[in-house]
Amino acid sequence: MKYLVMVQGTQADYEAQAGKPAAGVPGWSKEDVQAMYAHMEALNNDLAESGEMIDGQGLVEPAQTRLVGKGADGKPVITDGPYGETKEVIAGYWLLECASLERVTEIAERVIACPVPEGANEYPVVIRPVFDGGGDC
């Protein structure tokens, strides 16, 4: 079974990781960022070695993103980020192929064990099974 495993964040979290405290979030030190990257690199290496990793990427800050929707007149409405109506956005993801929901949950538990500075925002990890295309929608 394939699973999408997602981590969340806010614009303030991205700014904090760049060393700028924002909205009650402490600025991260260079050592804090290195510890996070080391943790994630070890996790990614383990997932690649086990054959469970299909893909995984960190995503750019919300300020560099764009929403494309439909206006009342049916024409496209384009909004550059960050968006006031959305607090958290997907900050990164893994697409994994795992034997069970229990296994992917174990992986998510490793993700939330990532070191962060005291006072930093922490979010739950979202696990979504990928629809395989069989059956009725």
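The values are calculated or read from the model by the stated rules, or taken from the named source; none is laboratory data. For clarity, every value in this text was computed on a predicted model and none was experimentally measured. Neighbour counts are summed over all protein chains in view; Cβ atoms, including those assigned to glycine, are modelled from backbone coordinates with ideal geometry. Only protein heavy atoms, including side chains, enter the accessible area calculation; ligands, DNA and RNA are left aside. Shrake-Rupley method; radii C 1.70, N 1.55, O 1.52, S 1.80 Å.
To put it simply, the accessible area of the chain at a 1.4 Å probe is 52 percent carbon and sulfur.
Total lysine pairs in the chain at Cα distances under 28 Å, for residues eight or more apart or on different chains: 6.
Segment Ser50..Phe131, full-extension length gain: 26.9 nm, with 0.36 nm per residue of separation and the alpha-carbon distance subtracted.
Length gained on full extension, Ala22 to Glu102, computed as 0.36 nm times the residue gap minus the Cα-Cα distance: 25.2 nm. Centre-to-centre separation between the Cα atoms of segment 1-27 and those of segment 90-118: 15 Å. Here each label is just a point 7 Å from Cα along the line to Cβ, and for Ala113 and Met1 those points are 2.3 nm apart.
Ranking Ala42, Gln8, Met53 by how far each Cα lies toward the positive end of the dipole of the chain (charges on Cβ) leaves Gln8 at the top. Need one word for the chain: rounded, prolate or oblate. Basis is the Cα gyration tensor (sqrt eigenvalues a ≥ b ≥ c); a/c below 1.5 gives rounded, then a/b vs b/c decides. Oblate. Electrostatic tally near Asp80: other residues with Cβ closer than 13 Å to its Cβ, Lys and Arg +1, Asp and Glu -1, net 0.
Considering Cα pairs under 8 angstrom that are at least six residues apart, work out the relative contact order of the chain and quote it in whole percent. Across the chain, relative contact order equals 41 percent.
Averaged per residue, segment 63-126 has 67 square angstrom of accessible surface, using a 1.4 angstrom probe with ligands and nucleic acids left out.
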